[in-house]
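Report on the following structure.
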Amino acid sequence: SGYTVAIVGRPNVGKSTFFNRLLEQRKAIVDDISGVTRDRQYGIAEWVGKSFNVIDTGGFVPRSEDVFEKEIKKQVLIALEEADALIFMTDTATGITDLDESMADVLRRSAKPVYLTVNKVDNHERLLEATEFYSMGFEHVYFISAISGSGTGELLDAVTEPI
Ligand code: GDP
Ligand code: MG
């Protein structure tokens, strides 16, 4: 029971890094290799006295490009069912990719709040580049560095607002 937030996004954008930061304990496996976290990870996070469930998604090993995209969409659909809100994580180091676009197509149809989160905004230069993500047309857009924690406060304020 309780409010549930799922973190979705293509592999390597920093979902597990952010999840671990939220939980402040190493429950998910973070690695440089894409798709290391096998299944969904569940945890409980707290932000300014509010408790909520967090799901880290994205655990699968792609067998081919086709299956890869299908699997990612499946993960998003499962998350949409399980969660009250979604953090759609992207990565400014790579910019907007085709997979981001195809996930965005699914997420835009959701009635649940979607917080587009642009990760790896480690410095001012990256912040300037990251503004391209406004073109995806989401109402809520946040720029964070999951490693340093910068910007994560604003994101969590917004995500926990409905609780
Ligand atoms: P996931 O596949 O989406 O769960 O991504 P991970 O959390 O496993 O992170 C993938 C890679 O991105 C790792 O090498 C992380 O250290 C790196 N990473 C995560 N967050 C940041 C960030 O804020 N800045 C930078 N520069 N790298 C990051
Ligand atoms: Mg992961």
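The values are calculated or read from the model by the stated rules, or taken from the named source; none is laboratory data. Given the structure is predicted, the values throughout are model-derived calculations rather than measurements. No Cβ is skipped: glycine too gets one built from the backbone with ideal geometry, and neighbour counts run over all protein chains shown.
Spot the failing condition for S110; the list is (1) loosely packed, with under 13 Cβ neighbours inside 10 Å; (2) away from ligand 1 (no atom under 15 Å from the Cβ); (3) touching a residue at least 12 places away in the same chain (Cβ under 8 Å), and only one is missed. The single condition S110 does not satisfy is (1).
Within the range 110-125, being in contact with a helix residue (DSSP H, G or I) (Cβ under 9 Å, 6 or more places away or on another chain) and either within 18 Å of K15 (Cα to Cα) or at pLDDT below 95 (or both) holds for S110, P113, V114, Y115, L116, T117, V118, N119, K120, V121.
Here L77 meets each of (1) away from ligand 1 (no atom under 15 Å from the Cβ); (2) surrounded by 16 or more Cβ atoms within 10 Å (Cβ to Cβ); (3) at pLDDT 80 or above; (4) in a helix (DSSP H, G or I) with one exception, condition (2).
Looking for something of a type in the set (G, A, S), at pLDDT 95 or above and part of a loop (DSSP other than H, G, I, E, B) - is there at least one such residue anywhere in the range 50-73? No, that holds for no residue. Taken over the range 121-138, the criterion of being out of contact with any strand residue (DSSP E or B) (no Cβ under 7 Å at 6 or more places or on another chain), more than 14 Å from ligand 1 (Cβ to nearest atom) and in contact (Cβ under 8 Å) with a residue 12 or more places away in the chain is satisfied by E132, S135, G137.
Close Cβ contacts (under 6 Å, 6 or more residues apart or on different chains) running from residues in the range 1-23 that are more than 12 Å from F88 (Cα to Cα) to residues that are among the acidic types (D, E) and within 9 Å of ligand 1 (Cβ to nearest atom) comprise S16/D56; F19/D56.
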